[in-house]
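The values are calculated or read from the model by the stated rules, or taken from the named source; none is laboratory data. Please read these numbers as outputs of a predicted model, since none were measured by experiment. Note: ideal-geometry Cβ built from the backbone for every residue, glycine included; neighbour counts use all protein chains shown.
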Amino acid sequence: MLNKWEGIILRSIPYGESNKIVTLYTREAGKMTAMARGAKKPASRLAAVTQTFTHGYYLLRSGRGMGSLEQGEPIDSMRHIREDIEATAYASYIVELIDRLTEDHGQGPNVFGLLYEALHAINEQYDPEAIALFVEWKMLPVAGVHPVLHQCANCGATEGEFAFSFQEIGFLCHRCFQIDPYLVRITPTQLRLIRTFFTVPIEQVGSLNLKKATKQFMKKIVRTIYDEQVGVRLKSRSFLDQLERTPELLPQKEKPEEKGE
């Protein structure tokens, strides 16, 4: 059976002398894996459209076992992501996270839309670190984690001072602080940001400028949840950690003035 689907390439690995095995996330059918025969050959019509991050229309033949990728029509090659090491690093983290948290032929709640918005935002040169944070928070339910962020996870209160509890995986109000001795105190601004990252679509936030310290705080919380509740270990995260430790690896750019939250 032949199907034409809109998709984004998550992963492309060599197979044999001339083939590739590609994993793509499609709008219509979720994640798919297919053989792209001859795609390693530079002259192949499949060479360009099977590169990681490419957004396009793909003609896939499915049957027993692995399907085959017959044709591809590029929509966007994500040129900035390919040419900028920081953009590449964060985009690689996003596609690996989505790949690891989803099953073939399975569809999470608008995972394609999240992937599409994230890669296009990075390609349009929005802050890749902030975009990756959005994806991390929004993929938690796909990973089976449902943090309680609209009220106190213990008593249900919506008013008062709040802290984040890894034990309860959500907010605790000041009346319930004694439940978790290791909770993390948060400001009202940090509480709003966590809710924003979890609930608001990337496209509605625009060019949100976050201070480095704010991003570090948000990252520490969400990655602790992944480490303790999900247990995924990503190769791309190791590279991001290396970039954090050695920022001199990044080309010098004019940094926008830090403002916002």
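With respect to H105, is the statement that it is touching a Lys or Arg at 6+ places or on another chain (Cβ under 8 Å) and surrounded by fewer than 16 Cβ atoms within 10 Å (Cβ to Cβ) true?
For H105, the condition - touching a Lys or Arg at 6+ places or on another chain (Cβ under 8 Å) and surrounded by fewer than 16 Cβ atoms within 10 Å (Cβ to Cβ) - is met.
Do you know which residues across segment 4-30 are in a strand (DSSP E or B), surrounded by fewer than 22 Cβ atoms within 10 Å (Cβ to Cβ) and either among the acidic types (D, E) or in contact with a helix residue (DSSP H, G or I) (Cβ under 9 Å, 6 or more places away or on another chain) (or both)?
Within segment 4-30, E6, R11, T23, T26, G30 qualify.
Could you please let me know if P42 is surrounded by fewer than 17 Cβ atoms within 10 Å (Cβ to Cβ), of a type outside the set (G, A, S), out of contact with any strand residue (DSSP E or B) (no Cβ under 8 Å at 6 or more places or on another chain) and not assigned by TED's automatic domain parsing to the domain that holds H105?
yes
Out of the residues in segment 47-76 meeting the condition of being more than 26 Å from E117 (Cβ to Cβ) and of a type in the set (A, V, I, L, M, F, W, C), tell me which one is surrounded by the most Cβ atoms within 10 Å (Cβ to Cβ).
Per the criteria, the residue is A47.
I want to confirm something. Restricting to segment 195-248 and keeping residues that are of a type in the set (A, V, I, L, M) and outside any helix (DSSP H, G or I), which single residue is farthest from E117 (Cα to Cα)? Working first, answer last.
Within segment 195-248, the subset of a type in the set (A, V, I, L, M) is 200, 202, 205, 208, 210, 213, 218, 221-222, 225, 230, 232, 234, 240, 243.
Retained after the next criterion (residues that are outside any helix (DSSP H, G or I)): 200, 208, 210, 232, 234.
Values: V200: 12, L208: 14, L210: 19, V232: 23, L234: 21 Å.
The qualifying residue farthest from E117 (Cα to Cα) is V232.
From I169, I131, which residue is surrounded by fewer than 20 Cβ atoms within 10 Å (Cβ to Cβ), touching a helix residue (DSSP H, G or I) at 6+ places or on another chain (Cβ under 7 Å) and either closer than 22 Å to T189 by Cβ or of a type in the set (G, A, S) (or both)?
I169
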